[in-house]
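Here, each number is a calculation from the coordinates, and none is a lab measurement. All of these numbers come straight from a predicted model, not from anything done at the bench. As a convention, Cβ positions derive from the backbone with ideal geometry for all residues, glycine included, and neighbour counts pool all protein chains shown.
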Amino acid sequence: MNSTADRGTVVVSVRLVGSMQIGSNVLEVSDLMVALEAIGKTKSIKGLSETLGLSYRTAWCRLQMYEVALGQPLVRKTRGQGSELTEFGAALAEALTSAVAGLDANLGRETRAIEHRLRRLLTGRSEVLTLAASHDPLLIEVLRELPAEHGQIRLSVMGSSTAVKLLLDGGVDAAGFHCGALTPEQADVPFSGVSSSAGLVPRPLFEREQGLLLAPGNPLGIRTLADLTAAGVRYVNRQPGSGTRSWFDRMLAKAGLSPDAIQGYAVEEFTHQAVAAMIACGAADAGLGVRVAAERLGLDFLSVGWETYYLAANRSLASPVFDELVAAVRVRAAETTGYRLSKEHKS
């Protein structure tokens, strides 16, 4: 009999298998995709035969069978260049590849959910879930204090767009992200993919106030974004892909300000605390960040607005761990300056 430790090693592999029925003909999607890709890459029937491990004659017959079933030519001969996909063949290849890529992402998320459930059933042990999240001081504090009774959460801090892409691709169980003053539906890709995916559940965790972090007493008299372009003002930015950086760039564009006019625009840090620390030690004069980061280091704060921070997870995960996290974070947000409950969860 296998030990509990052996049963704890659970790896699930799920692959997409599908077919297309056209009249009385049934075509396997994966086989058709391989054939189209081989022709597209090798530009020859010989390349198709080698890819499929078939004789030249058999590969040619396979291709003719596809064309008869589809009622359209897939390949045309080119003088001195072998063979190439017809416009129909190229369009079909693109459509199949795009569809399978989207389905593969869903399969990746469902595979992770199955693994978690099986591991819990086989071992009875609490699970370790993965969370990719944009940096937030309050969220990190709550995660450190969260009891591991129903499982643990392994956090990786990164930009909002990177976190969301990982979730959409099935690389993590959940993502924490923000879109500035926009909702996921209003934001560009990848954020819009969260709300449009039936397999994901986005939940507003809290709203938080962002603004310009300034040296104590605001000695340079910064009052607007335009003041950041004044001579001698040193700005410290967030990294590309972070929600804060994206929001700052949108505000600059709306105000008609060029990033090139801001000294230090290319100087980047990866957390709100790091931006605040740069200003507190005199290495920079201003940077965009959350109010709590300014207060903890005694900095001045010039508010630019409130935004919603979201937690999105796989709908099939069925784990109480994230429910506990959401509840704990909302309690802390209700009692912390610079945070408030989102409108959807005010009682």
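Annotations for the structure displayed:
- For segment 169-235, GluC sites (Glu not before Pro) meeting the loop criterion (DSSP other than H, G, I, E, B) and having at most 13 other Cβ atoms within 10 Å: GLU185.
- For segment 158-299, Kirkwood radius (reciprocal of mean inverse C-alpha pair distance, Å): 16.0 Å
- For the pair MET33 and VAL267, a Förster radius of 41 Å applied to the C-beta separation gives a FRET efficiency near 0.35, rounded to the nearest 0.05.
- The Cα atoms of segment 148-206 define a convex hull whose projected area, averaged across directions, is 4.7 nm².
- Fully extending the segment from GLN21 to ARG154, taken as 0.36 nm per residue of separation minus the present Cα-Cα distance, adds 43.4 nm.
- Amide N of segment 34-57 lying under 20 Å from the label point, which is placed 7 angstrom from the Cα of GLU84 along Cα→Cβ: 35-49
- Applying the criteria of a DSSP loop state and at most 14 other Cβ atoms within 10 Å to the trypsin sites (Lys or Arg not before Pro) of segment 282-331 yields ARG315.
- Shape parameters for segment 254-345, alpha-carbon atoms, Rg then Dmax in Å: 17.1, 49
- FRET efficiency, ASP169 to ALA255 (Cβ-Cβ, R0 41 Å, nearest 0.05): 0.75
- Here is the list for segment 132-239: trypsin sites (Lys or Arg not before Pro) lying in DSSP coil, each with at most 16 other C-beta atoms within 10 angstrom of its C-beta, are ARG223.
- Partners for LYS77 among lysines (Cα-Cα distance below 27 Å; same-chain residues under 8 apart left out): LYS41, LYS43, LYS46
- Computed FRET value (nearest 0.05) for VAL128 with THR183, which takes r as the C-beta separation and R₀ as 35 Å: 0.70
- Ordering of 279-285, 41-47 by packing [mean C-beta count within 10 Å, highest first]: 279-285, 41-47
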